[in-house]
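Contents: one structure, followed by commentary.
The values are calculated or read from the model by the stated rules, or taken from the named source; none is laboratory data. Everything quoted here is computed from the prediction, not taken from an experiment. Here the Cβ is made from the backbone with ideal geometry for all residues, glycine too, and neighbour counts use every protein chain on show.
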Amino acid sequence: MNHPFHPKCEYAFTIGIQLTPARWLRPASAGMTRAIVYAANGTIEGPLLRGKVTPMSGGDFALLRADGVIDFDARYRLEAEDGTVIYLQNRGYRWHKTPEIAERISRNEAVGDDDYYMRLTPKFDVPDGPHAWMNRHVFLGVAEKLPAANRIHYFVVR
C-alpha cells in the first residue's frame, strides 16, 4: 500500500569491512553472550562517499540474545577520500532462518542473502565541511554477511 509519507531512499555508499575473529564473553552480566569483533580494515565506495575504514579503529560489541537474535552495537572510524574523519555507530539486528544457517555463519561459511535478516540504523558524526549533510539525515543499512566480513549498503532517507 502506498502511503503519502512513504520514505524515499537513495543509495549512498557501501562499506566493506574485514572482521577479526570474535572474542566471546560468556555469559555477559545480563546472562546473555557478548561477542567482540574488531574492524580490521575496509573500504567505502559509492556515489555519495568514498574512502576507507581506519584499521582497528573500533568494532562491534554485539549481544547474542536468548531468542537467537544478534543485537549489534558497532562503532568505528571512517576516513573519506578527502581526509575527513567520520565516526560511525551502527545499531541493528541479525537473525537466521534456521539454526543450521547460524552454525554455517559461525564457521565463516558462505550463506545466501535470503538465509538471514541483517539491517542496521547508522548514525554519523561528521565535522563541518562537504560531508556534514550526513549529520542531518537518517540512514538505513542493508548488510551482507560474508565469510570473515560484512558488506553494508547504506541508503539515505530523503
**Message:** Being more than 18 Å from GLY68 (Cβ to Cβ) and either surrounded by 15 or more Cβ atoms within 10 Å (Cβ to Cβ) or among the charged types (D, E, K, R) (or both) is the filter here; which residues of the range 92-119 pass it?
**Reply:** ASP113
**Request:** Answer yes or no as to whether ALA102 is in contact with a strand residue (DSSP E or B) (Cβ under 8 Å, 6 or more places away or on another chain) and in a loop (DSSP other than H, G, I, E, B).
**Result:** no
**Prompt:** Given the residues ALA74, ALA80, ALA30, ALA62, which is the only one that is farther than 30 Å from ARG158 by Cβ and small (Gly, Ala, Ser)?
**Reply:** ALA30
**Item:** Residue count, the range 122-158 (criterion: out of contact with any strand residue (DSSP E or B) (no Cβ under 6 Å at 6 or more places or on another chain), among the small types (Gly, Ala, Ser) and more than 16 Å from GLU79 (Cβ to Cβ))
**Value:** 0
**Asked** For the range 102-144, how many residues are of a type in the set (D, E, K, R), closer than 19 Å to TYR87 by Cα and more than 18 Å from the chain's Cα centre (by Cα)?
**Response** 2
**Complete:** Taking the range 1-18 and keeping only residues that are part of a loop (DSSP other than H, G, I, E, B) and aromatic (Phe, Trp, Tyr), one is left with PHE5
**Fill in**
Selection over the range 117-143 where residues are assigned to a strand (DSSP E or B) and in contact with a helix residue (DSSP H, G or I) (Cβ under 6 Å, 6 or more places away or on another chain) yields a count of 1
**Item:** Filter result (part of a loop (DSSP other than H, G, I, E, B) and modelled with pLDDT of 95 or more) within the range 21-68
**Value:** GLY46, PRO47, LEU48, LEU49, ARG50, THR54, PRO55, MET56, SER57, GLY58
**Asked** Name the pairs whose Cβ atoms lie under 7 Å apart, with the first residue in the range 66-86 and surrounded by fewer than 16 Cβ atoms within 10 Å (Cβ to Cβ), the second part of a strand (DSSP E or B) and charged (D, E, K, R), and 6 or more positions between them or separate chains?
**Response** ASP73/ASP60; ASP73/ARG91; GLU79/LYS52; VAL85/ARG77; VAL85/GLU79
**Asked** Restricting attention to the range 12-49, and to residues there that are within 18 Å of VAL142 (Cα to Cα) and more than 15 Å from the chain's Cα centre (by Cα), which single residue is surrounded by the most Cβ atoms within 10 Å (Cβ to Cβ)?
**Response** LEU49
